[in-house]
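Presented below is the structure to which this report refers.
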Amino acid sequence: MKFDNRDQTKNKIWSDLQKLSSDAHKINILDLFKSQKNRAQTMSAKSEGIFFDFSKHLITPEILNTLLAFADSIDLKHKIDDMFDGKPINKSENRAVLHTALRADQNKEHTPEVANKFQDINHQSQKIKMFSEEIRSGKWLGLTNRAITDIVNIGIGGSDLGPRMACKALKAFANGGVRAHFVSNVDGTDIRDTISELDPETTLIIISSKTFTTTETLMNAKIAINWLETSLDTTGVESTNHIIGITANTENAIRFGIKASNILNFSNWVGGRYSIWSSIGLSIAIYIGFDNFDQMLKGARLIDHHFRETSFSKNIPIVMALIGFWYNNFLNAQSHAVIPYCERLSLLPSYIQQLDMESNGKSVSQSGEKISYQTGPVIWGQTGTNGQHAFFQLLHQGTKLIPIDFIAPVKQSNSYKDNQEVLLNNMLAQSMALMIGRKEPKTQSYKNYSGNKPSSTILIDELSPKNLGALIAIYEHKTLVQGIIWGINSFDQWGVELGKELSVALGEDLDLEVDESTAQLKSIIAEIRSL
Ligand code: F6P
């Protein structure tokens, strides 16, 4: 019988996992390799271009089987299907979650809820293709009839992190074409530092905002428009070819002054942090070319198939989610580190941070009840080897349990082969050292490494658009599965609203009752300003 209780802790298998966790302190990962034949092979999985090793974990075969049984007991398969089939799983906003439709194989069978989106998806995709090709080929001209050399994507959160991360990751595919810049912070130095280096005659501003109401984005957009108007000695620049708007709220973009033909649309059923596959990906398509952008979608599609068709025990996103669930809910881990051994993936931790923390930082269930267990962990990280010389000390000898994802492309496009060799050896050395530890004599206990620290390793053949798409989709689906396990809505983000409202109220100096600390800070700010 499938378990469909709102309180996941009432599931018998939850209690089984709890019992198993009471003996977890006895688990030694190295011993598991001795007792379990072919553990590395058994506890690894692959999908085209991606190899996932999850053998270095505090997980016995019994624990793994129990986690898999848990997944089965909550009817995971059908709940995953609900998303792909376009059911309204985002209950607080009563809408479907269909970023997967943007990359779906349209020749396969789909529910009407999905199939009836294809016409619109194809229309938008055609526009991304047309715009990106015109801009890249030099046909798209600015006010002084010069071709575009630089694009500036102005957006924040999901309207920034994805394109920014992907453009950095896929720089090798840009072939020296149009340069891509990104502005997100309302701190004016961000936009100032960016535009101050650009030629307004050859700059295209892309205003990306799902809602087209986000203060940071609209303020920065207005500064950029003003800069263009002043430098080009003109007015009404928002309705020229120097400005493109990308939004799910076309009316707002038109009201802002952008001409309708320069607006790319996407739908409300695409969450901001899942919008990289939509028109929001325009800057990626301009930077690396539409065909490469399409390859990203292909990589994600391959993972969608892997996710829906592979048995749970070899299913990369599902296993990743279950491992995280084990540490988060039974071994009290508070955070999870993402460490790419690849400079081009340096923005991946921030991207996954928004994806995961905005999705699963929730404390009520889908039906509104307060949850009694831990939900999403703190996601953090940065590139290796830099991290080794910064925070790895704590990972090796600190007191906290922090599971890690090590991620590395095996082949890199740069020509420094020795560096790549050292980079990969460093990654392998770290996951090994964390696991094996080192015993020193008692007199030198400060040198002691306890070891037994868990990590996964994700090897990517090479950092291609297809493999990047696959990697992102893996993390998207991991996030979905954990949200299902915790019975929460991974697709809303009401927790960001209060801060936005208070910020407006503080700015307008409304009759706002302000606490003592904030009042003091306000008066110090006023004092410093008046000097
Ligand atoms: O404030 C959070 C958020 O709503 C994110 O979910 C979103 O990605 C970001 O703001 C930007 O929103 P928009 O694309 O509507 O400008």
Rounded, prolate or oblate (a/c below 1.5 giving rounded, otherwise prolate when a/b exceeds b/c) for the range 112-293 by Cα gyration tensor: rounded
Please work out how much accessible surface ARG308 shows to a 1.4 Å probe, ignoring ligands, DNA and RNA, in Å² rounded to 10. 80
Based on the alpha carbon coordinates of the range 360-418, what radius of gyration and maximum Cα-Cα distance (Dmax) apply, in Å? 18.0, 55
Calc'd 3J(HN,Hα), the range 368-374, phi into Karplus 6.51 cos²θ - 1.76 cosθ + 1.60 (θ = phi - 60°), Hz, glycine/Pro = x, comes to x, 7, 5, 8, 9, 10, 6
Work out, in µm²/s and without decimals, the Stokes-Einstein translational diffusion coefficient of the chain at 4 °C, 1.567 mPa s, Rh from Kirkwood over C-alpha pairs. 52
Mean separation of Cα contacts under 8 Å (at least 6 apart) over the residue count of the range 401-479, i.e. the relative contact order in percent, is 42
Whole-Hz couplings from phi, Karplus 6.51/-1.76/1.60, listed for the range 463-480; x for Gly and Pro: 7, 9, x, 4, 5, 5, x, 5, 4, 4, 5, 4, 5, 4, 6, 4, 4, 4
For the range 145-157, Karplus couplings with θ = phi - 60° (6.51, -1.76, 1.60), whole Hz, Gly/Pro x: 6, 9, 6, 7, 10, 9, 10, 10, 8, 9, x, 8, x
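May I ask you to list the trypsin sites (Lys or Arg not before Pro) in the range 1-93 that are in a DSSP loop and have at most 12 other Cβ atoms within 10 Å of their Cβ? Please list the in-between numbers first.
On the way: sites: LYS2, ARG6, LYS10, LYS12, LYS19, LYS26, LYS34, LYS37, ARG39, LYS46, LYS56, LYS77, LYS79, LYS91; in loops: LYS2, ARG6, LYS37, LYS56.
Passing sites in the range 1-93 are LYS2, ARG6, LYS37.
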Alpha carbon centre of the range 444-466 versus the range 91-134: separation in Å? 37
List the residues whose amide H sits under 5 Å from the amide H of GLN366, counting only those 5 or more places along or on another chain, with H placed 1.01 Å from N in the peptide plane. ILE488, ASN489
Check: C-alpha center the range 171-200 vs C-alpha center the range 254-283, spacing in Å is 19
Given the whole protein assembly as supplied and a 1.4 Å probe, what does the accessible area of LEU428 come to in Å², nearest 10? 90
Sorted by mean Cβ packing within 10 Å, highest first, what order do the peptides 275-285, 204-214, 166-176 take? 275-285, 204-214, 166-176
Carbon-plus-sulfur fraction of the accessible area of the range 112-293, 1.4 Å probe, in percent? 48
Can you sort SER517, SER464 by solvent-accessible area, 1.4 Å probe, largest first? SER517, SER464
Taking alpha-carbon centroids only, the range 35-86 lies from the range 479-528 a number of Å equal to 37
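Would you mind computing the Rg to Rh ratio of the range 416-487 from its alpha-carbon coordinates, Kirkwood style for Rh? All intermediate terms of the calculation are to be shown ahead of the outcome.
Details: Rg = 18.0 Å, Rh = 15.6 Å.
We get a ratio of 1.16 for the range 416-487.
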If each of GLU62 and ASP82 carries a label point 7 Å out from its Cα toward its Cβ, how far apart are those two points in nm? 3.3
What number, rounded to the nearest 500 deg cm²/dmol, is the helix-based mean residue ellipticity at 222 nm of the chain, given -39500 (n - 2.57) per DSSP H run of at least four residues and division by all its residues? -13500 deg cm²/dmol
Counting only heavy atoms of protein chains, what accessible area per residue, in Å², does the chain have with a probe of 1.4 Å? 46
Ordering ASP160, ASP199, ASP31 by how much accessible area each has at a 1.4 Å probe, largest first, what is the list? ASP31, ASP199, ASP160
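Relative contact order of the chain: what whole-number percent is it, with Cα pairs under 8 angstrom and at least 6 residues apart? Walk me through the numbers before you get to the answer.
Numbers: 881 pairs, mean separation 98.0, N = 531.
18 percent.
Let's test the formula: R0 of 45 Å, r as the Cβ-Cβ distance of ASN252 and LEU531. What FRET efficiency results, to the nearest 0.05? Intermediate values should be presented prior to the final figure.
Details: r = 40 Å, r/R0 = 0.88.
Efficiency computed from Cβ-Cβ geometry: 0.70.
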GLU369 to ASN268: extension gain in nm, 0.36 nm per residue of separation minus the Cα-Cα distance? 33.8 nm
So how far apart, in nm, are the two label points at GLU508 and LYS314 if each is 7 Å from Cα heading toward Cβ? 5.9
Quick one: compute a quarter of the convex hull surface over the Cα atoms of the range 71-211 and quote it in nm². 12.2
Determine the gain in length on full extension of the stretch GLU109-GLN397; use 0.36 nm per residue of separation and subtract their C-alpha separation, reporting nm with one decimal. 98.5 nm
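The values are calculated or read from the model by the stated rules, or taken from the named source; none is laboratory data. Remember, predicted model here, so these are calculated numbers, not experimental data. Because the Cβ atoms are built from the backbone with ideal geometry, glycine has one as well, and the counts that use them run over all protein chains shown. When the accessible area is computed, the model is the full protein with side chains, heavy atoms only, and any ligands, DNA or RNA have been set aside. Shrake-Rupley method; radii C 1.70, N 1.55, O 1.52, S 1.80 Å.
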